[in-house]
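Chemist: Okay, handing you the structure first.
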Amino acid sequence: MGRTNCWEIKKCGREPSGSKVQDLGVCPAGSDTSSTGLNGGKNAGRICWAVAGTFCGGKVQGDFAQKSASCLSCDVFKQVKKEEGSEFIMIKSIPAFRPA
Ligand code: SF4
């Protein structure tokens with residue numbers, strides 16, 4: 001089975017052509033093509049915690065510093081971290097930053 005993206009785990013409907021796109025538009029995690037492949041995801045679907053302005057909970061979130069408390073306790077983060085093991089990528093900006 002392929003790796004699941006945040007919008008599949010959370011069933012948020014905010015991915016491209018998702019059921020809730022008419023509300024806030026497409027979530028940045030769903031449209032950020034530069035993150036494709038990170039943690040095996042489509043766009044930023046498996047590194048959404050590192051993307052500013054995501055739409056979790058139906059409202060525009062802040063940057064990593066502002067949303068990290070909720071992201072680091074989120075099912076998506078926990079699942080991706082578990083699935084990726086030693087290959088887990090935490091931060092997008094520093095290529096291949098893998099915590100020891
Ligand atoms: S970051 Fe949150 S709102 Fe955005 S696509 Fe992922 S689960 Fe949905």
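Chemist: Looking only at the stretch 22-49, count how many residues are within 14 Å of Ile91 (Cβ to Cβ), of a type in the set (Gly, Ala, Ser) and in contact with a helix residue (DSSP H, G or I) (Cβ under 6 Å, 6 or more places away or on another chain).
Modeler: 1
Chemist: Only one of Lys78, Lys67, Lys82 is in a helix (DSSP H, G or I), surrounded by fewer than 18 Cβ atoms within 10 Å (Cβ to Cβ), within 14 Å of the ligand (Cβ to nearest atom) and of a type outside the set (S, T, N, Q); which?
Modeler: Answer to the selection: Lys78.
Chemist: While we're here: Which pairs turn up if I take residues in the stretch 1-23 that are of a type in the set (Ser, Thr, Tyr) and look for partners that are surrounded by fewer than 11 Cβ atoms within 10 Å (Cβ to Cβ) and part of a loop (DSSP other than H, G, I, E, B) with beta carbon separation below 6 Å, at least 6 apart in sequence or on another chain?
Modeler: Short answer, once both residue conditions are applied: none.
Chemist: For the stretch 23-51, which positions are at pLDDT below 90 and open to solvent by 30 Å² or more (accessible area, probe 1.4 Å)?
Modeler: Those that are at pLDDT below 90 and open to solvent by 30 Å² or more (accessible area, probe 1.4 Å): Asp23, Leu24.
Chemist: Here's a check for you: in the stretch 1-10, which residue that is assigned to a loop (DSSP other than H, G, I, E, B) and modelled with pLDDT of 95 or more is farthest from the ligand (Cβ to nearest atom)?
Modeler: Checking each candidate, the answer is Thr4.
Chemist: Considering each residue of the stretch 27-50, count those that are over 16 Å from Pro16 (Cα atoms), touching a residue at least 40 places away in the same chain (Cβ under 8 Å) and assigned to a loop (DSSP other than H, G, I, E, B), and give that number.
Modeler: Qualifying residue count, the stretch 27-50: 1.
The values are calculated or read from the model by the stated rules, or taken from the named source; none is laboratory data. If you're wondering where the values come from, they're calculated on a predicted model, not measured in any experiment. All Cβ positions, even for glycine, are placed from backbone atoms using ideal geometry, and neighbour counts span all protein chains on display. Remember, those area values only see protein heavy atoms, side chains included, never the ligands or the DNA or RNA. Shrake-Rupley method; radii C 1.70, N 1.55, O 1.52, S 1.80 Å.
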